[in-house]
Amino acid sequence: GAVVSQHPSWVICKSGTSVKIECRSLDFQATTMFWYRQFPKQSLMLMATSNEGSKATYEQGVEKDKFLINHASLTLSTLTVTSAHPEDSSFYICSAIFLLGQGAGEAFFGQGTRLTVV
Amino acid sequence: DAKTTQPPSMDCAEGRAANLPCNHSTISGNEYVYWYRQIHSQGPQYIIHGLKNNETNEMASLIITEDRKSSTLILPHATLRDTAVYYCIASGSSNTGKLIFGQGTTLQVKP
């Protein structure tokens, strides 16, 4: 199956600094990618839809100035957590959609990035 | 997208079939039923999807009721590696790939 690679797998950063997470679709072009956040023992929460060549669409309650998303090519989307604080510590996961036709699509997920802000 | 309801947890004996139910009584005509699973600390993995007809692939079978208000994911011969959280998601063609995850069912396969 298709592969989506996320980098880094884990990162520790100091409070106030910014962290960039990359999501790459390795063997297909993805015009749309999605970013999720997952806290311990909770489900995945959709943060935003990343659209190639245009601005991302953020879910209600997600601060667009804090979570900067760039989707500059058909194979790469980045999420930058700006001015990180301890409460931003979480598991961040991206997905890229492979269209199957007739309105269906298969989401391929990255392996996730565990962010710890100290 | 329609809301889905799943039992929070289930147990299954290794080698036996695991039947995971999902209720999606408000599903609309253009919404597919997708199943994904997440093994601890990994990204979710696609299992199967369907619209109206029952579906089968190398991983599982999906049985959708005629009124489409519920479905069952069947893992025919569960192994210890199938222990995971299983998510049933209804998602329409207008938002292909945009998945809203519920709490899912934690399946524990026991030896």
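The values are calculated or read from the model by the stated rules, or taken from the named source; none is laboratory data. Computed from a prediction, not measured in an experiment: that's the story for all the values here. With ideal geometry, Cβ positions are generated from the backbone for all residues, glycine too; neighbour counts draw on all protein chains shown. Side chains included, ligands, DNA and RNA excluded: accessible areas come from the protein's heavy atoms. Shrake-Rupley method; radii C 1.70, N 1.55, O 1.52, S 1.80 Å.
Laid out as a table, the results:
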| read-out | value |
| --- | --- |
| D (Stokes-Einstein, µm²/s), Kirkwood Cα radius, the protein assembly as shown, 0.890 mPa s at 25 °C | 135 µm²/s |
| Cysteines not pairable in chain A (beta carbon separation under 4.7 Å absent) | A:13 |
| Net charge, residue A:22 excluded, C-beta distance under 15 Å - Lys, Arg +1, Asp, Glu -1 | +2 |
| Residue B:74-residue A:43 FRET efficiency (beta carbon distance; Förster radius 30 Å; 0.05 resolution) | 0.85 |
| Computed accessible area, residue B:46, all protein chains, 1.4 angstrom probe, square angstrom | 40 Å² |
| Cα-projected label distance for residue B:95 with residue A:100, points at 7 Å along beta-carbon direction, nm | 1.9 nm |
| Surface share of carbon and sulfur [accessible, 1.4 angstrom probe, percent] for the range B:1-104 | 48 percent |
| Area of residue A:7 that stays accessible when all protein chains are in place (1.4 Å probe, Å², to 10) | 120 Å² |
| Fluctuation leader among A:66, A:55, A:41 - chain A, Gaussian network, Cα springs under 10 angstrom | A:41 |
| Unpartnered cysteines - no second Cys beta carbon under 4.7 Å - across chain B | B:12 |
| In order through the range A:100-111: 3J(HN,Hα) via Karplus (6.51 cos²θ - 1.76 cosθ + 1.60), integer Hz, x for Gly, Pro | 9, x, 6, x, 9, x, 10, 8, 9, 9, x, 7 |
| Ellipsoid equivalent to the range B:44-87 - semi-axes via the Cα gyration tensor, in Å | 20, 11, 9 |
| Length added when fully stretched, residue A:28-residue A:70, from 0.36 nm per residue minus Cα-Cα | 13.3 nm |
| Relative packing of peptides B:58-65, B:85-92, A:57-64, A:90-97 - highest average C-beta neighbours within 10 Å first | A:90-97, B:85-92, B:58-65, A:57-64 |
| Shielding by partners - mean other protein chain Cβ count within 10 Å, residues of B:29-41 | 2 |
| Efficiency of FRET from Cβ geometry, residue A:17 and residue B:54, R₀ 45 Å, rounded to 0.05 | 0.30 |
| Residues of chain B: accessible area per residue with a 1.4 Å probe, Å² | 50 Å² |
| ³J(HN,Hα), Karplus 6.51/-1.76/1.60, whole Hz, each residue of the range A:86-91, x for Gly, Pro | x, 6, 7, 4, 5, 9 |
| Charged-residue dipole, Cβ positions (Lys, Arg, Asp, Glu), chain B about Cα centre, Debye nearest 20 | 140 debye |
| Other protein chain Cβ atoms within 10 Å, averaged over every residue that makes up A:98-109 | 6 |
| Computed accessible area, residue A:100, all protein chains, 1.4 angstrom probe, square angstrom | 80 Å² |
| Residue-normalised accessible area of chain A, expressed per residue, 1.4 Å probe, Å² | 49 Å² |
| Accessible area that becomes buried as A packs against B, both chains, 1.4 Å probe, Å², nearest 100 | 1700 Å² |
| Accessible surface, 1.4 Å probe, highest first, among residues A:118, B:109 | A:118, B:109 |
| Set of lysines with alpha-carbon distance to residue B:69 below 25 Å, sequence-local pairs under 8 removed | B:3, B:52, B:98 |
| Nearest-0.05 FRET efficiency for residue B:63 and residue A:7, computed from C-beta distance (R0 45 Å) | 0.70 |
